[in-house]
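Novice: So that we are looking at the same thing, I have put the structure below in structure tokens.
The values are calculated or read from the model by the stated rules, or taken from the named source; none is laboratory data. A quick note: this is a predicted structure, and the numbers were derived from the prediction, not measured. Neighbour counts run over all protein chains shown; Cβ positions are idealised from the backbone, glycine included.
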Amino acid sequence: MLTIVPLECAPDVVLSVPGSKSITNRALILAALAEGVSTLQGVLAAEDTQVMITALRALGFSVAVDSEAETVVVEGQGGRISAASAEIFVGNSGTSVRFLTALVALGQGPYRLDGVVRMRVRPLGDLLTALETLGVSAVSEAETGCPPLVVSAQNGLHGGTVSLRAEASSQFLTALLMVAPYAQSDVRLEIVGSLRPFYIEITRRMMAQWGIETETEIQTAAESGAYRSFIVRSGRKYTSQNSYTIEPDASSASYFFAAAALTGGRVTVRGLSVDALQGDVRFATEVLAQMGCSITSASNGLTVVGPEPGTLRGIERDMSAISDTAPTLAAIAPFATTPTTLHGLAHTRHQECDRIAAVCTELRKLGVHVEERADGYTIYPLPNDLLPAEKMPSFKAIESKVAVETYNDHRIAMSFALIGLMRPGVTILNPGCVAKTFPNYWQRLDLLRS
């Protein structure tokens, strides 16, 4: 366990965060699919990316890692998988299991994918159904739609038209898009229901950087901006990259930006800009701006300056497009002057933990009034005797300590630590779970005191 020490003054710092998990794992797949050697720079070194690297090696890919230089060199096989079969352990990495399930469809099978206990309740049925439509045997051993999975791909992806309900996870669509150029015929992915485009735009822009364009059709004018279908032409290959740079992780940056919002401080994260590939940069540019923060983008990075302590505004927001930052927003919401309502989060009940239930449970331990709903929650401001004073340090002494359960979820741990920067006595259980995406998070958090 780790007890967080409150800040004594508002931070004014420039710092770095690790590379993006979303971009790193996409880049690893694209590099493996490309013909030739690709060098990835600024690669995130964490459990989720190590799971992906280990899996690629099990599938026969050469992957060389230089941790000190944050560099990975991948020898791509042009859409081929040399391993005739493999047992792949995905841990609790949702990104890895989705991307790899689609990748092994290009092999000669069988390939078995399994993970930790929590992974065995994470639904993948829609992705399995889509692969079956494309001519691949993809089944859940327990017939639950969850891992363990067995993918048997004797003749690769046939191609054709697939209807995909992408509301549960846009990563299903990403997984299929990335492997689609290697199908035997064109692949058309028709979207059932609504699809938020931000994470898919990361995929499409990266595919274009590696030489493959996707074609799209848009919904009717009444649903402007919502995709109806994607078309990927067969017979083309990704181009290897001599040097591909991974952006800093915008989700990881959200915790430091939130600290600025809480304290009226100033935090700059190097390497991020308003034009970042990652949709989660909108946590700063839209969410925190709406709450009263000042946002600027310059050559040295993205900067958030918080409002005067005690003036942070509550908001109502559909967080479906940037759901990884919902726990971050939930952690600062009690310090706003008005309630904050988040919705569009139903799918987060099936992530590393039930993030809606976890957030509500742990906030209540801290004396916060929360109303839980199926797809989100409303968080009310803390009582006046717990609100920030006019200047830092912000709280009167509170004798009681509160142990925050993290549910082995890195985002719960990192988010609730923010409350400990403001309120004495907050103790994070299992702080080591942050290794999933941000191994040195606690050391970086201490930089706010410099």
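Novice: Report the residue count in region 403-450 for those that are at positive phi and either in contact with a His (Cβ under 9 Å, 6 or more places away or on another chain) or polar (S, T, N, Q) (or both). Step through it out loud before you land on a result.
Specialist: Taking region 403-450 as the starting set, the residues that turn out to be at positive phi are 407-408, 425, 430.
Still in the running and either in contact with a His (Cβ under 9 Å, 6 or more places away or on another chain) or polar (S, T, N, Q) (or both): 408, 430.
Residues meeting the conditions: 2.
Novice: Kindly indicate whether LEU329 is in a strand (DSSP E or B) and surrounded by 18 or more Cβ atoms within 10 Å (Cβ to Cβ). Give the steps one after another, and end with the answer.
Specialist: On the way: in a strand (DSSP E or B): no; surrounded by 18 or more Cβ atoms within 10 Å (Cβ to Cβ): yes.
So LEU329 fails the test.
Novice: Contact list please: Cβ distance under 8 Å, first residue in region 88-112 and surrounded by fewer than 24 Cβ atoms within 10 Å (Cβ to Cβ) and part of a helix (DSSP H, G or I), second residue among the aromatic types (Phe, Trp, Tyr) and at pLDDT 95 or above, pairs at least six apart or on different chains.
Specialist: Every condition considered, the pairs that remain are LEU106/TYR182.
Novice: Further, regarding this structure: It is to be established whether one or more residues within region 353-375 are part of a helix (DSSP H, G or I), modelled with pLDDT of 95 or more and closer than 26 Å to ALA45 by Cα.
Specialist: yes
Novice: On to the next question. Go through region 407-450 and give me each residue that's in contact with a strand residue (DSSP E or B) (Cβ under 9 Å, 6 or more places away or on another chain), aromatic (Phe, Trp, Tyr) and either assigned to a loop (DSSP other than H, G, I, E, B) or more than 23 Å from SER67 (Cα to Cα) (or both).
Specialist: If the condition is that a residue be in contact with a strand residue (DSSP E or B) (Cβ under 9 Å, 6 or more places away or on another chain), aromatic (Phe, Trp, Tyr) and either assigned to a loop (DSSP other than H, G, I, E, B) or more than 23 Å from SER67 (Cα to Cα) (or both), then PHE416 is the only one that fits.
Novice: Answer yes if at least one residue in region 24-38 is assigned to a strand (DSSP E or B) and under 30 Å from GLY264 (Cα atoms), and no otherwise.
Specialist: no
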